[in-house]
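Below is one structure, written out as structure tokens; comments come after it.
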Amino acid sequence: MNDKRIAIAGAGIAGLTTALSLLQLGWKVDVYEQASQLGEVGAGLQISPNGTRILQSLGLENALHQVVSQAQGKEIRMWNTGQRWKLFDLGDDCLSRFGAPYWMVHRGDLHKVLLDAFNARSDAPVRLNARVVSAQSTSGGASFELQDGSRHMAYGLIASDGVHSVLREKLLGEDKAQFTGLLAWRGLVPIQSIASHLQAPVGTNWVGPGAHVITYPVRGGQLMNVVGIIEKEGWQGESWTEQGTHEELLQDFGHWHEDVLALMRKIEQPFKWALLGRTPQRGWAQGSICLVGDSAHPTLPFLAQGANMAIEDAAVMARCLDAYSTAPEAFEKFEALRWQRTADIVNRSSDNAKRFHNPQLSDANKAVDYVSTEWEPEKVRRHYDWLFEYDALKVTV
């Protein structure tokens, strides 16, 4: 066994970014993926400066420029009247204040760039049909078993097998997610199919009583990503690939502003899933095994930081492994460095649902004052600057 070889379970955003970060520092990496093929899954992601600066440091900027959308800004809109409030600039101001851009990208496009880079830089391709089902930390590293019964060894095993992580359950015990009472709709709309005033390169957060809608461009401005979140009991499917119907979608949002409805009617195929929440939990690092990304700290999407946390994890993990003489030491330090930040993001993401869905938004006399106060510039900076300023490449390990 090469003592500089790391095994990674899961070839998603967290796993591949961690692999690339390790390869950059001279490590050898084996990536095990349970799927039989890697394809386009999911929809839009927002990669804020805390994430983009890491992707740039990995030499991915040129490839990503072909697929990302650079929105000009973010805005709040009222669910029924369409009134607008500008939140912040995502162009030059973002670059000057945080030193890195804000990108909006289709998950499949980002994943392909990461996968292509890994295939070009690694001495071994991603191993498909390779689900890690159990693992133990040993005196010689990490021992783990695949679903086919084969056993393997590595200097350390990094579990990035997602929100339904098998290894999280093995390490932390049964950890059932709790239904939040929120149903999410998502879909993609070809930009050219919608009215010109809806094609603006802006990230928009429509807020309303008991629901909100997020829209932003992806795939270089060819598609508009649309996500609608509504408080709704009774359906708790957590799959991202559960198909819904336009009729169901418009039952939930049919009373909203015509701009929202125009976008929703043009969604090619609506998908729905129940949002489940998990309380932040310690214990990711156990000997020569460690959780990262959604396996470690699954979050609700209301700060748009799930992918960014995974990318941050990758940079810190690689630097910890490079700085310490054993995997257990490195993994213990990684958890110590990442625990509080990720717990804060998870908790604040949950809190944001209350802001977006406040009952005052149903009262015409209170709604405008509520939005003007809740999203006034100083508050906006307090909500977001601490996220964007964080530099995982400079954290002391």
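The values are calculated or read from the model by the stated rules, or taken from the named source; none is laboratory data. Please read all numbers here as calculations on a predicted model, not as lab measurements. Quick reminder, even Gly has a Cβ in these numbers, built from the backbone with ideal geometry, and neighbours come from all protein chains shown. All accessible areas refer to the heavy atoms of the entire protein, side chains included, with ligands and DNA or RNA removed. Shrake-Rupley method; radii C 1.70, N 1.55, O 1.52, S 1.80 Å.
Return the percentage of antiparallel bridges among DSSP beta bridges fully within the chain, rounded to the nearest 5 %.
Given both bridge residues lie in the chain, the antiparallel proportion sits at roughly 75 percent.
If amide hydrogens are placed 1.01 Å from N in the peptide plane, which non-local residues have theirs closer than 5 Å to the one on Ala130?
Glu33, Gln34, Ala35
What whole-number distance in Å separates the alpha-carbon centres of the stretch 31-100 and the stretch 193-207?
16
Any idea which of Ala330, Pro125, Val260 is furthest toward the positive side of the dipole for the chain, if Lys and Arg beta-carbons carry +1 and Asp and Glu beta-carbons -1?
Ala330
Accessible area of the chain with a 1.4 Å probe: how many percent of it is carbon plus sulfur?
Of the solvent-accessible surface of the chain, carbon and sulfur hold 47 percent.
Give me the accessible area per residue for the chain, probe 1.4 Å, as a whole number in Å².
On the way: 16270 Å² over 397 residues.
That works out to 41 Å² per residue.
For Lys232, list the lysines whose Cα falls under 22 Å from its own Cα; do not include residues on the same chain fewer than 8 positions away.
Correct list for Lys232: Lys176, Lys272, Lys354.
Read phi for every residue in the stretch 282-293 and hand back ³J(HN,Hα) as whole Hz from Karplus 6.51 cos²θ - 1.76 cosθ + 1.60, θ = phi - 60°, with x for Gly and Pro.
Working through the residues one at a time gives 7, x, 4, 9, 9, x, 9, 10, 8, 8, 9, x Hz.
Listed highest first by mean packing, meaning other Cβ atoms within 10 Å per residue, what order do 314-324, 248-258 come in?
Details: 314-324: 23.4, 248-258: 15.6.
So the peptides 314-324, 248-258, ranked by packing, come out 314-324, 248-258.
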